[in-house]
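Written below as structure tokens is the structure these notes are about.
The values are calculated or read from the model by the stated rules, or taken from the named source; none is laboratory data. Computed from a predicted model, the values in this text were never measured in an experiment. As a convention, Cβ positions derive from the backbone with ideal geometry for all residues, glycine included, and neighbour counts pool all protein chains shown.
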Amino acid sequence: MSFEARAEVAPIKQASKVLPINSIGEILVGVRSRRDDKRPGQLDFIGGGQEPTDEGCSLKTAVRELREEIGLRKRSEEMYYINEDMSPSGNTLVSLYWTVVPNGFIPRVQSSELEKVVALPPADVLRGLLHVGQIAMLEHFLEVSRPVEQFDFSEELALQSFIH
């Protein structure tokens, strides 16, 4: 009789985060609710875990989370993929997107998850990525976030402010 050792491997979770960029190039980030069990009061990108209605699609997760957390409605084609990387805990594959926030947009905060939304300069956000160990995501973000001819934005100022 032979026994095989079997290691239980936890399934990798999927999540999406979004960097909404306003007209002066700042990135909107959320301040987690004080009632949050895991990260009360901490800054976090807009986004969250994949749900069955997302049909395994990280882009659908990003669009849904943006709408749910801050009330920003975007179509899939208005979202731009940056990269995916494992979370610092190593159990979640996080897809990162960015989008342009329309002028005059006022976030409608989902009180169960966020206390408020703040706008931060890109350098502060990039330092935050570096601080939490997301080196691969940071490097890829810098690599792909260069101006390219294929993007045609009505709010080109937001993109240029963010990139330069």
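Please work out if Arg34 is touching a Pro at 6+ places or on another chain (Cβ under 8 Å), surrounded by fewer than 16 Cβ atoms within 10 Å (Cβ to Cβ), in a loop (DSSP other than H, G, I, E, B) and touching a residue at least 24 places away in the same chain (Cβ under 8 Å). Against the criterion (touching a Pro at 6+ places or on another chain (Cβ under 8 Å), surrounded by fewer than 16 Cβ atoms within 10 Å (Cβ to Cβ), in a loop (DSSP other than H, G, I, E, B) and touching a residue at least 24 places away in the same chain (Cβ under 8 Å)), Arg34 qualifies. When the range 99-126 is filtered for residues that are over 16 Å from Gln42 (Cα atoms), surrounded by 15 or more Cβ atoms within 10 Å (Cβ to Cβ) and polar (S, T, N, Q), only Thr99 remains. Applying the condition of being under 10 Å from the mean Cα position of the chain (by Cα) and not hydrophobic (A, V, I, L, M, F, W, C) to the range 19-60 and asking which residue is nearest to Gly104 (Cα to Cα) yields Pro20. Go through (1) under 18 Å from Leu93 (Cα atoms); (2) at pLDDT 85 or above and name the single condition Pro11 misses. It is condition (2) that Pro11 fails.
Scanning the range 80-98 for residues that are surrounded by 17 or more Cβ atoms within 10 Å (Cβ to Cβ) and of a type in the set (A, V, I, L, M) turns up Ile82, Val94, Leu96. Total residues in the range 40-62 satisfying the condition of being out of contact with any Phe, Trp or Tyr (no Cβ under 9 Å at 6 or more places or on another chain), surrounded by 14 or more Cβ atoms within 10 Å (Cβ to Cβ) and not in a loop (DSSP other than H, G, I, E, B): the figure is 7.
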